[in-house]
């Protein structure tokens with residue numbers, strides 16, 4: 001009888017231990033799932049602007065604003081990459097200066113291609129304040145797409 005009792009107690013101990021482990025595992029899975037649901041998905045979008053067309057600039061700025069409004073500004077990483085003839089829209093006297101400044105204030109990153117700037121003999125002093133710069137606009141677009149950014153060309 002003594003051996004049977006010890007064996008039964010050991011078996012009960014193993015079952016209790018297994019049940020505690022399973023309970024801990026379920027708790028961890030529930031906590032992980034709750035955290036995943038609480039963390040918003042970060043949407044990533046890159047826009048290309050390579051035309052000297054005020055209408056396209058307006059459309060791009062509206063699209064960026066709509067994304068931030070619809071998805072929540074905190075859940076969207078937006079970048080506008082400007083090169084070629086589009087670079088004129090980033091010059092200090094640009095007709096779109098106010099719209100670009102508003103977009104930047106709202107968290108949109110606007111970058112100018114330095115290759116284009118060299119080709120048309122522009123310096124940083126010629127450009128709007130608070131924009132960023134990249135060595136090559138097309139390389140920036142490629143890298144953003146490799147990083148999972150959605151690509152939009154209005």
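The values are calculated or read from the model by the stated rules, or taken from the named source; none is laboratory data. Fair warning: this is a prediction, and the values are worked out from it, not measured in the lab. Neighbour counts are summed over all protein chains in view; Cβ atoms, including those assigned to glycine, are modelled from backbone coordinates with ideal geometry.
What number of residues in the stretch 103-147 are in a helix (DSSP H, G or I), free of Cβ contacts under 8 Å to residues at least 40 places away in the same chain and within 21 Å of residue 63 (Cα to Cα)? Before the answer, list the steps.
Taking the stretch 103-147 as the starting set, the residues that turn out to be in a helix (DSSP H, G or I) are 103-105, 114-119, 124-126, 137-146.
The next check asks that each one be free of Cβ contacts under 8 Å to residues at least 40 places away in the same chain; those that pass are 104-105, 114-119, 124-126, 139, 142-143, 146.
Retained after the next criterion (residues that are within 21 Å of residue 63 (Cα to Cα)): 104-105, 142.
Counting residues in the stretch 103-147 that are in a helix (DSSP H, G or I), free of Cβ contacts under 8 Å to residues at least 40 places away in the same chain and within 21 Å of residue 63 (Cα to Cα) gives 3.
For the structure I just gave you, tell me whether residue 121 is at pLDDT 95 or above and loosely packed, with under 13 Cβ neighbours inside 10 Å. Give the steps one after another, and end with the answer.
Details: at pLDDT 95 or above: yes; loosely packed, with under 13 Cβ neighbours inside 10 Å: yes.
So residue 121 fits the description; yes.
Just to check your reading of the model, which residue among 107, 99, 84 is at positive phi and surrounded by 15 or more Cβ atoms within 10 Å (Cβ to Cβ)? Full working, then the answer.
On the way: 107 fails: surrounded by 15 or more Cβ atoms within 10 Å (Cβ to Cβ); 99 fails: at positive phi.
Unique residue meeting the criteria: 84.
Please go through the stretch 54-70 and pick out each residue that is in contact with a strand residue (DSSP E or B) (Cβ under 6 Å, 6 or more places away or on another chain) and either assigned to a strand (DSSP E or B) or surrounded by fewer than 16 Cβ atoms within 10 Å (Cβ to Cβ) (or both). Before you say what the answer is, go through the steps one by one.
First, pick out the residues of the stretch 54-70 that are in contact with a strand residue (DSSP E or B) (Cβ under 6 Å, 6 or more places away or on another chain): 60, 64, 67-68.
Listed by number, the list is empty, since nothing qualifies.
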